[in-house]
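Novice: Here you go, one structure.
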C-alpha cells in the first residue's frame with residue numbers, strides 16, 4: 001500500500017465518522033433551538049460562560065485519550081459558539097415581535 005493509498009483510506013474513515021456525527025449534531029442543534037426559545041421567553045441571554053466551563057470540565061473527564069483533551073475543548077468551544085449564534089438569532093426574533 002502506498003502512502004497515498006493509506007491517506008485515502010484514512011480519509012474514508014474520517015468521512016464515515018463525519019457521516020455518523022451529522023445526525024448527532026443535528027439533534028444537538030434542535031435542542032439548542034429549544035433552549036433559545038426558552039431563553040427568549042424568559043429574557044435570558046444566550047451567553048452562559050459558567051455553564052460552558054462546567055460542560056468543558058465534564059467532557060474533559062470523559063475523554064479517554066487525554067492527549068485529545070485540548071482538541072476536544074476547542075471543538076466544543078466551536079459548538080458553543082455556533083449554539084450561541086443560533087440562540088441570539090432566536091432571542092432577537094422574539095424581541096422583534
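Novice: Find the residue count for segment 63-97, including only residues that are touching a helix residue (DSSP H, G or I) at 6+ places or on another chain (Cβ under 9 Å) and surrounded by fewer than 11 Cβ atoms within 10 Å (Cβ to Cβ).
Specialist: 2
Novice: Residue 71 passes all but one of (1) touching a residue at least 24 places away in the same chain (Cβ under 8 Å); (2) assigned to a helix (DSSP H, G or I); which number fails?
Specialist: Answer for residue 71: the failing condition is (1).
Novice: Still on this structure: Picking from 31, 54, 35, which residue would you name as being part of a helix (DSSP H, G or I), over 29 Å from residue 97 (Cβ atoms) and at pLDDT 95 or above?
Specialist: 54
Novice: Name the residue, out of 53, 34, 27, that is surrounded by 10 or more Cβ atoms within 10 Å (Cβ to Cβ), under 17 Å from residue 92 (Cα atoms) and free of Cβ contacts under 8 Å to residues at least 60 places away in the same chain.
Specialist: It is 34.
Novice: Can you name the number of the only condition in (1) surrounded by fewer than 10 Cβ atoms within 10 Å (Cβ to Cβ); (2) touching a helix residue (DSSP H, G or I) at 6+ places or on another chain (Cβ under 9 Å); (3) assigned to a helix (DSSP H, G or I) that residue 1 fails?
Specialist: Residue 1 satisfies all of (1) surrounded by fewer than 10 Cβ atoms within 10 Å (Cβ to Cβ); (2) touching a helix residue (DSSP H, G or I) at 6+ places or on another chain (Cβ under 9 Å); (3) assigned to a helix (DSSP H, G or I) except (3).
Novice: Is it the case, given these coordinates, that residue 47 is free of Cβ contacts under 8 Å to residues at least 60 places away in the same chain and not in a helix (DSSP H, G or I)?
Specialist: Criteria met by residue 47.
The values are calculated or read from the model by the stated rules, or taken from the named source; none is laboratory data. Keep in mind the model is a prediction, meaning the values are calculated, not measured. Counting neighbours? That spans all protein chains shown, and the Cβs are built from the backbone with ideal geometry, glycine included.
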